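One structure below.
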Amino acid sequence: MSDSEVLRAPHVLEYPYVRSVGPVIGAFLTGLRDGRILGAQSHDADGTATVIVPPTEYDPITSADVGDLVEVGQSGVVTTWSWAAEPKRDQPLERPFAWALIKLDGATTAMLHVVDAGSPDAMSSGMRVTARWRPAGERVGRVQDIECFVPEGSTP
Amino acid sequence: MSAEPVTTLATPMHLDYQYTAGLSQSRFLQGIAQGKFIGQRCPACHQVYVPPRGSCPTDGVATTDPIELGNSGTVTTYCVVNVPFQGQSIEIPYICAQILLDGANITFMGLIQELPADQVRMGLRVEAVWVDKDQLGLTMASVKYFRPTGEPDADYETFKAYS
């Protein structure tokens with residue numbers, strides 16, 4: 001038998017996991033479904049008020065329980081980004097896009113999402129972007145309920 | 001819009017592999033597609049492995065000689081499955097057994113049918129039941145299951161090294 005006779009076949013593994021999301025992420029996802037972005041109120045070690053987006057159950061710096069959830073803005077600032085020139089299957093957009101950390105208005109932390117800017121030339125750290133939502137009827141309570149962010153001033 | 005709070009998140013994982021069987025398993029599967037079990041013998045210790053992996057785990061040498069094994073074997077140990085689980089395709093209770101094919105020096109797992117689950121035993125002689133000839137393929141699904149041959153049970157001494 002030659003190497004050309006070695007058998008090959010597709011082998012697909014699927015794990016249909018369903019995670020329990022807990023009270024804080026659950027509230028965040030419920031907010032997304034309802035078209036709102038929520039963060040957790042907390043404090044720095046020096047007492048400065050912070051808002052963690054997406055919210056965590058504990059402050060990542062002080063480990064203290066977080067306070068109430070508050071709604072933050074639907075627009076914010078790109079703090080850093082990376083261009084995805086050749087999107088892969090199951091990535092958020094089928095056309096080239098930017099992965100970006102976005103600090104929403106009213107938030108202290110940046111959250112990872114994607115920016116549909118058309119070209120890396122349209123991307124810069126410090127640029128303002130705004131959320132483009134899926135239609136309400138398609139939102140189920142997951143981060144993809146925000147389809148992407150777009151440069152502020154373009155059609156959301 | 002639902003008013004119920006979100007409590008779960010579906011996070012399915014989907015891993016797309018291309019499995020390459022290698023020379024030894026390819027030969028084995030070519031045999032399966034013809035309704036035969038083909039193992040390999042170690043040139044150093046003369047043990048016969050099925051399915052073959054291409055090398056002897058004891059001697060670390062390549063196993064290149066193909067050996068056609070019989071269609072019958074001996075149950076060395078077994079498990080009666082009574083617990084239902086997601087994706088189960090066989091009606092419970094059913095018997096999952098380690099089978100030592102005649103001429104082989106290693107067992108492999110097989111389904112036992114045509115026998116009430118409470119009658120399975122170590123030493124039971126079984127034979128492979130294959131799918132119809134035109135359904136044979138490069139897959140272990142070509143072996144439908146094993147069933148009792150009706151022969152007397154094998155003497156424990158003949159398989160105790162494998163149980």
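Every read-out reported here was derived from the displayed coordinates using simple, explicitly stated rules and does not represent laboratory data. Remember, it's a predicted structure, so these values are computed and weren't measured experimentally. We place every Cβ from the backbone using ideal geometry, glycine too, and count neighbours over all the protein chains shown.
Answer rounded, prolate or oblate for the stretch B:71-163, using the Cα gyration tensor with square roots of eigenvalues a ≥ b ≥ c: rounded when a/c is under 1.5, else prolate when a/b is larger than b/c, else oblate.
Numbers: a/c = 1.77, a/b = 1.20, b/c = 1.48.
In terms of gyration-tensor shape, oblate.
Mind checking the full-extension length gain between residue A:112 and residue A:136? Use 0.36 nm per residue of separation minus the Cα-Cα distance, one decimal, nm. Before the final figure, lay out the partial values.
Numbers: separation 24, 0.36 × 24 = 8.64 nm, distance 2.16 nm.
Computed gain between residue A:112 and residue A:136 is 6.5 nm.
Using the alpha-carbon atoms, what tilt in degrees (0 to 90, nearest 10) does helix A:22-33 show relative to the longest principal axis of chain A?
Tilt relative to chain A: about 80 degrees.
Calculate the spin-label point distance for residue B:61 paired with residue A:12, positioning each point 7 Å from the Cα along the beta-carbon direction, and give it in nanometres.
4.4 nm
Averaged across B:10-16, how many Cβ atoms of other chains sit within 10 Å of each residue's Cβ atom?
Details: counts 6, 7, 5, 5, 7, 5, 6.
That works out to 6 on average.
Per q in 0.11, 0.12, 0.16, 0.19 Å⁻¹, report the Debye log10 I(q)/I(0) for the stretch B:1-151, using one uniform scatterer on each alpha carbon and no solvent.
Cα-only, vacuum Debye calculation for the stretch B:1-151: -0.54, -0.62, -0.96, -1.20.
In degrees between 0 and 90, to the nearest 10, how far off the longest principal axis of chain B does helix B:22-32 point, with axes built from Cα atoms?
The angle comes out near 80 degrees.
Quick check: Cα centre of the stretch B:126-163 to Cα centre of the stretch A:82-145, how many Å?
57 Å
Which order, highest average first, do B:102-115, A:28-41, B:121-134 follow once you tally other Cβ atoms within 10 Å for each residue and take the mean per peptide?
On the way: B:102-115: 17.1, A:28-41: 20.8, B:121-134: 15.5.
Ranked from most to least packed, the peptides come out as A:28-41, B:102-115, B:121-134.
Mind checking the mean number of beta-carbon atoms from other chains within 10 Å of the Cβ atoms in A:13-20?
Details: counts 5, 5, 5, 6, 6, 6, 5, 3.
Per residue, the number of nearby Cβ atoms from other chains is 5 on average.
Across the residues of A:134-143, average count of Cβ atoms on other protein chains within 10 Å? Walk me through the intermediate numbers first.
Details: counts 0, 0, 1, 1, 0, 2, 4, 7, 4, 1.
Mean inter-chain Cβ contacts per residue within 10 Å come to 2.
When the helices in chain A are scored as -39500 (n - 2.57) per DSSP H run of 4 or longer and the sum is shared across all residues, what 222 nm value do you end up with, to the nearest 500 deg cm²/dmol?
Working: 1 runs with 12 residues, N = 156.
Mean residue ellipticity, 222 nm, calculated: -2500 deg cm²/dmol.
Rg and Dmax of the stretch A:22-151, using alpha carbons, in Å: what are they?
So, for the stretch A:22-151, Rg and Dmax equal 15.0, 44 Å respectively.
So what's the projected area for the protein assembly as shown, the Cα convex hull averaged over all directions, in nm²?
Working: hull surface 103.5 nm².
Averaged projected area of the protein assembly as shown's Cα convex hull equals 25.9 nm².
Could you work out which residue, out of A:23, A:54, A:92, moves most in a Gaussian network model of chain A, that is, has the largest mean-square fluctuation with Cα springs under 10 Å?
A:23
In nm, to one decimal, how far is the residue B:79 label point from the residue A:41 one, both placed 7 Å along Cα→Cβ?
5.4 nm
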